[in-house]
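The structure under discussion is supplied below as structure tokens; questions concerning it will follow.
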Amino acid sequence: MSTIDASILSPAEKLLWGCGCRLPEHIDLEGIANSKGALVRRRHLDGCAARLVTDGVRAIISVESRDNPGRQRFSLAHELAHWINDAGHGFSCSAKDIGAESAAAKSTEANANLFASQLLLPDYMVVPWMAGRKMTLNVAAALGKAFGASVTASAIKLVRRSSSMAIVVCHDQQRRRWYVASPSWPFDVQPAYELHQDTAAFEIAFKARNGMSAPRKELGDRWLRGKDVYRMMVESQSMKIPDDAVLTILSIAQR
Ligand SMILES: [Zn+2]
């Protein structure tokens with residue numbers, strides 16, 4: 001860890017590094033907020049997941065207390081990003097604004113999500129942690145437990161930093177909601193728009209079964225659309241996530 005070149009870290013990682021964070025348990029978001037002049041409150045909020053109120057000098061960050069702990073940490077990190085990067089005015093951010101999956105488009109909200117992802121799951125700690133591990137939801141859950149992040153945010157981080165061909169996809173009963181692919185994922189292959197009835201994800205979506213399926217190998221055309229998918233094998237693992245959705249990690253396996 002001491003060999004890290006701090007000059008190449010992202011802004012959020014530089015902040016953590018400068019606070020002496022070397023291990024996941026060192027990441028104290030409330031402490032960082034306080035050191036930046038922001039107080040953190042947890043309470044019921046009407047119509048938003050988190051809120052930043054400021055007079056331009058100090059700030060109060062409110063986080064929805066009914067959300068699960070991983071979600072609350074992401075919301076706090078997201079508002080902290082607004083406070084550090086977009087200071088001067090307040091924000092009321094909906095559940096839709098806050099999420100690691102909506103970090104691609106260029107906007108204030110997407111930038112806050114990227115910053116929040118790096119505060120919760122900094123690359124300089126996560127990449128060494130990932131070494132030698134598979135792309136499964138079991139591993140995403142272990143990553144989330146180690147860093148206090150949700151399984152969804154952890155799965156997205158794993159896939160974004162993976163050198164293998166992997167994708168994380170979210171479906172509901174009707175359709176695909178979003179997906180995030182690893183850098184080496186073939187550009188002409190996409191996850192299917194609708195869940196195949198023979199997948200564990202379908203059963204989880206329609207039978208409202210909670211929990212997580214076991215990882216399993218399946219034919220590629222059950223999950224994917226695009227060039228040569230019928231020749232591929234994928235390894236899949238699915239779980240129920242809040243808001244009646246099913247999260248799946250897929251990786252292209254050798255036949
Ligand atoms: Zn926001």
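Looking at segment 87-127, which of its residues are at pLDDT below 85 and away from the ligand (no atom under 15 Å from the Cβ)?
Matches in segment 87-127: Ala104 only.
If a residue has to be under 18 Å from Ala38 (Cβ atoms) and either at pLDDT below 85 or not in a loop (DSSP other than H, G, I, E, B) (or both) to count, how many in segment 56-86 make the cut?
Counting residues in segment 56-86 that are under 18 Å from Ala38 (Cβ atoms) and either at pLDDT below 85 or not in a loop (DSSP other than H, G, I, E, B) (or both) gives 21.
Has segment 119-127 got at least one residue that is loosely packed, with under 15 Cβ neighbours inside 10 Å and free of Cβ contacts under 8 Å to residues at least 12 places away in the same chain?
no
Say we look at segment 128-147 and pick out the residues that are surrounded by fewer than 18 Cβ atoms within 10 Å (Cβ to Cβ) and more than 23 Å from Ala253 (Cβ to Cβ); which of these is farthest from the ligand (Cβ to nearest atom)?
Among those that are surrounded by fewer than 18 Cβ atoms within 10 Å (Cβ to Cβ) and more than 23 Å from Ala253 (Cβ to Cβ), it is Pro128.
Still on this model: Being within 15 Å of the chain's Cα centre (by Cα) and hydrophobic (A, V, I, L, M, F, W, C) narrows it down to one of Met239, Met232, Met165, so name that one.
Step by step, each of Met239, Met232, Met165 is checked, and only Met239 is within 15 Å of the chain's Cα centre (by Cα) and hydrophobic (A, V, I, L, M, F, W, C).
For segment 26-56, enumerate the residues that are within 16 Å of the ligand (Cβ to nearest atom) and closer than 18 Å to Ala116 by Cβ. Break it down stepwise before answering.
Step one: filter segment 26-56 for residues within 16 Å of the ligand (Cβ to nearest atom), giving 29, 33, 38, 40, 45, 47-54.
Matches in segment 26-56: Leu29, Ala33, Ala38, Val40, Leu45, Cys48, Ala49, Ala50, Arg51, Leu52, Thr54.
Kindly establish whether Arg42 is of a type in the set (Lys, Arg), farther than 27 Å from Arg161 by Cα and surrounded by fewer than 14 Cβ atoms within 10 Å (Cβ to Cβ).
Criteria not met by Arg42.
Restricting to segment 60-86, and then to whatever is within 13 Å of the ligand (Cβ to nearest atom) and in contact with a Gly (Cβ under 9 Å, 6 or more places away or on another chain), can you tell me which residue is farthest from Leu15 (Cα to Cα)?
Checked segment 60-86; the qualifying residue farthest from Leu15 (Cα to Cα) is Phe74.
The values are calculated or read from the model by the stated rules, or taken from the named source; none is laboratory data. Predicted model only: the values in this text are computed from it and were never measured. Methodologically, a virtual Cβ is constructed for each residue, glycine included, from the backbone with ideal geometry; neighbour enumeration extends over all protein chains shown.
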